[in-house]
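Right, one structure below, let's go through it.
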Amino acid sequence: VYKRQLMKSPAIQGLLKRGYEILLLDDPIDEFCIQHLTEYEKKKLVNVAKGDFKLPEDEGEKKRTKKLKKLYQPLTDWWRKLLDKQLDSVVISSRLTDDPCVIVATEQGYSANMERISRAQAYAHPDRARAYTDSRKILEINPNHPVVKELLERVKESPDSETEEMATLLFETALINSGYSMSNPTDFAKRFYKVFYGALGIPKDAKVEEVDVSLDDEEEEEKKPENTESESREETLSLIHI
């Protein structure tokens, strides 16, 4: 099951599309070994869950990436400041295909798998476990995705509170999709419900109100079957009498 999840990871979609070979290390001990086994048969092993991973680019691709960085700089700088405590940097991704963004670890940080293992080992020390969850990460964004394009336009004009909510929700969704845990899932749920309200055409500040039901109508409905049953018994008795 975990291997199927890994194959759907946004971090490797661009690699699969380009035909790269990928080792799926789904055993807890694997990543510990790879940290010391950096080469195999003169081939360097690279952890694609880390932010220092870069896809090989030709001259044309390098020029395009440089222009995209300049184009999206207003968004990347704004996003980085908005989530200063959670993000180490926001960068343009060359590996994303369908997803708007992905979360990866810094060069010295923990991947999602290592973070889960380390947090489980530190369960007896809540402060240490929280330190893994709160470590700053890298947000890679897909410059071709319509959501990212829309955010850029909003930031250029003047980002309002709704834009900030959407950017935060997008980060938290990418966090889950990348295999990480959130430090505050309650806030994520509240932001999600607000967006869901908008999709249904409900005001985002709509309050939860108790449904008004009439108990008198229910009592009348309960009486009707009794009358029907009584009439049915009378008809039956009449037929037997005849």
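For T97 and A199, FRET efficiency with R0 = 30 Å and r from the beta-carbon atoms, rounded to 0.05? Kindly include the intermediate steps, with their values, before the conclusion.
Working: r = 25 Å, r/R0 = 0.82.
The pair A199/T97 has a calculated efficiency of 0.75.
Using the structure shown, list the pairs from K70/K149; K43/K67; K3/K149 with a Cα-Cα distance above 24 Å, or answer none. With Cα atoms farther than 24 Å apart: K43/K67; K3/K149. What the Cβ-Cβ distance of S158 and S118 gives, at R0 = 45 Å and to the nearest 0.05, is a FRET efficiency of 0.65.
Loop-located GluC sites (Glu not before Pro) across the range 133-215 with a Cβ neighbour count of 15 or fewer within 10 Å are E209, E210, with loop assigned by DSSP.
Extents of the range 69-216, taken as max minus min of Cα coordinates on every principal axis and listed largest first, are 67, 46, 25 Å. Annotation note: trypsin sites (Lys or Arg not before Pro) in the range 1-93 located in DSSP loop regions with a Cβ neighbour count of at most 15 within 10 Å are K8, K42, K54, K85. For the range 1-90, carbon and sulfur atoms together expose 54% of the accessible surface, with a 1.4 angstrom probe and every protein chain in place. Sites listed here are GluC sites (Glu not before Pro) in the range 1-105 whose DSSP assignment is loop and whose Cβ has at most 16 other Cβ atoms within 10 Å: E21, E41, E57. The residues of the range 1-86 have, on average, 79 Å² of accessible surface per residue, using a 1.4 Å probe with all protein chains present.
Calculated FRET efficiency, V147 and K43, Cβ-Cβ r, R0 41 Å, to nearest 0.05?
Details: r = 36 Å, r/R0 = 0.89.
Result of the calculation: an efficiency of 0.65.
When the surface is traced with a 1.4 Å probe over the full set of protein chains, D30 keeps roughly 40 Å² accessible. Length gained on full extension, S183 to D52: 44.7 nm, using 0.36 nm per residue less the C-alpha separation.
The values are calculated or read from the model by the stated rules, or taken from the named source; none is laboratory data. On a predicted model such as this, the values are computed, not experimentally measured, just so you know. Methodologically, a virtual Cβ is constructed for each residue, glycine included, from the backbone with ideal geometry; neighbour enumeration extends over all protein chains shown. Remember, those area values only see protein heavy atoms, side chains included, never the ligands or the DNA or RNA. Shrake-Rupley method; radii C 1.70, N 1.55, O 1.52, S 1.80 Å.
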